[in-house]
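A.B. asks: Handing you a structure now.
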Amino acid sequence: MQSICGIILVKEGEGVRKGQLLATLNLTEMNSYVEQADLAFEKASRDYDRAKSLQKDSVTTVEQMQNAKTALDLAAQQLNTVKFNLKYSEIRAVNDGYILKKFANTGQVVGPGTPVFQTNGAGKTSWILKVGVSDKQWAQIKLNDKAIITTDAMPVGELNAVVSAKSEGADPATGSFTIELKLIDNKAIDLADGLFGKATIYPSQKTGTWSIPYTSLLDGNANTGYVFVTEDNKTARKIPVSVAEIDKDSVLINGGLENTQNIIVAGSAYLSDSSPIIVK
């Protein structure tokens, strides 16, 4: 059922408090329904009282009194329904914040589920950063894992955050999974909705992966490559590794380094298998 916005009480950019009335529907029709239901309930109450009195005097039958009671119950339920609808004919702010956008105006017809306002919370720790991650990263990240957020809009250094939510499906447009990071840093008080940020998430569970410098990887081909390791600090040994991900400055290895203690990170291009080395 469509409704008409009666009064819009706030403007875009305006600050609001929790519980503040933001808008109401046109209540002319709703108030009429409430009055009709109230009158019907009063009549059903009189009919029931009359039926009880007559039944005591054996003027009316038990069936007639039961029918009157049923009519009273139906009228009561109808009255509760219209009062419930009247209660939800108002829009109130669920949290302190700001009106970011107004989608309807006074007198405009809106349908069920149609948004009327876009708001945000103004609490110091109520900000959320949404980040996209791969399926492997999604599997490694757990709720309440710690994260560090930086943004060019806030010259306050790093902001502390935790993982507050994980999507249960991939975004059909990007193919990535969404992770929500909730700020827990009191310095984040002057942020605005829509800002961009960068996040580093620290998974709490062990993933069986290693991050090595980009220069350590040799002969990379798709998901494979080679690195030089040493067991005696005197001889270099070339071993194959499995590459999970290549970043700008580092490489994520998910296989091949399980039994390795020392990896050579400089000068690998000048080595060959079994080359003598000097550790400095």
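A.B. asks: Restricting attention to segment 256-274, which residues are among the hydroxyl-bearing types (Ser, Thr, Tyr) and surrounded by 15 or more Cβ atoms within 10 Å (Cβ to Cβ)? Don't jump to the end; show me each part of the working.
C.D. replies: Keep residues of segment 256-274 that are among the hydroxyl-bearing types (Ser, Thr, Tyr), which gives 260, 268, 270, 272, 274.
Once the filter is applied, which keeps residues that are among the hydroxyl-bearing types (Ser, Thr, Tyr) and surrounded by 15 or more Cβ atoms within 10 Å (Cβ to Cβ), segment 256-274 yields THR260, SER268.
A.B. asks: Looking at TYR98, TYR48 in this structure, which one is aromatic (Phe, Trp, Tyr), surrounded by 15 or more Cβ atoms within 10 Å (Cβ to Cβ) and more than 30 Å from the chain's Cα centre (by Cα)?
C.D. replies: Values: TYR98 fails: more than 30 Å from the chain's Cα centre (by Cα).
Exactly one residue qualifies, and that residue is TYR48.
So that you can scan it fast, the table gives a plain yes or no per residue for (1) under 30 Å from ALA147 (Cβ atoms); (2) surrounded by 15 or more Cβ atoms within 10 Å (Cβ to Cβ):
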{"residue": "THR209", "(1), (2)": "yes, yes"}
{"residue": "GLY225", "(1), (2)": "yes, yes"}
{"residue": "GLU231", "(1), (2)": "no, no"}
{"residue": "LYS234", "(1), (2)": "no, no"}
{"residue": "LYS238", "(1), (2)": "no, yes"}
{"residue": "GLU245", "(1), (2)": "yes, yes"}
{"residue": "VAL251", "(1), (2)": "yes, yes"}
{"residue": "ASN254", "(1), (2)": "yes, yes"}
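A.B. asks: Of all the residues that make up segment 234-270, how many are over 30 Å from VAL133 (Cα atoms) and either among the charged types (D, E, K, R) or over 50 Å from the mean Cα position of the chain (by Cα) (or both)?
C.D. replies: Looking only at that region, the number is 5.
A.B. asks: So in segment 160-186, with the set limited to residues that are among the small types (Gly, Ala, Ser) and in a loop (DSSP other than H, G, I, E, B), which one is nearest to PHE196 (Cα to Cα)?
C.D. replies: Selected residue: SER176.
A.B. asks: Sticking with this structure for a sec: Given the conditions (1) touching a residue at least 40 places away in the same chain (Cβ under 8 Å); (2) more than 25 Å from the chain's Cα centre (by Cα), report the number of the one that THR174 does not fulfil.
C.D. replies: The single condition THR174 does not satisfy is (2).
A.B. asks: Let me confirm something: among GLU63, GLU12, which residue is under 48 Å from the mean Cα position of the chain (by Cα) and either at pLDDT 85 or above or assigned by TED's automatic domain parsing to the domain that holds VAL94 (or both)? Let's see the steps before the verdict.
C.D. replies: Details: GLU63 fails: under 48 Å from the mean Cα position of the chain (by Cα).
Just a single option satisfies the conditions, and that option is GLU12.
A.B. asks: Among the candidates LEU181, LEU143, LEU159, single out the residue that is exposed (fewer than 15 other Cβ atoms within 10 Å of the Cβ) and under 25 Å from PRO203 (Cα atoms). First the steps, then the outcome.
C.D. replies: Working: LEU181 fails: exposed (fewer than 15 other Cβ atoms within 10 Å of the Cβ); LEU159 fails: exposed (fewer than 15 other Cβ atoms within 10 Å of the Cβ).
It is LEU143.
A.B. asks: Regarding ALA23, is this residue assigned to a strand (DSSP E or B) and either closer than 30 Å to SER126 by Cα or more than 29 Å from the chain's Cα centre (by Cα) (or both)?
C.D. replies: Values: assigned to a strand (DSSP E or B): yes; either closer than 30 Å to SER126 by Cα or more than 29 Å from the chain's Cα centre (by Cα) (or both): yes.
Here the answer is yes, as ALA23 does meet what is asked.
A.B. asks: Here's something else I'd like to know. LEU22 passes all but one of (1) without any contact (Cβ under 8 Å) to a residue 24 or more places away in the chain; (2) closer than 29 Å to LYS102 by Cα; which number fails?
C.D. replies: All conditions pass for LEU22, except number (1).
The values are calculated or read from the model by the stated rules, or taken from the named source; none is laboratory data. Note that this is a predicted model, so its numbers are computed, not measured. When we count neighbours, we look across all protein chains shown, and the Cβ atoms used for this are built from the backbone with ideal geometry, even at glycine.
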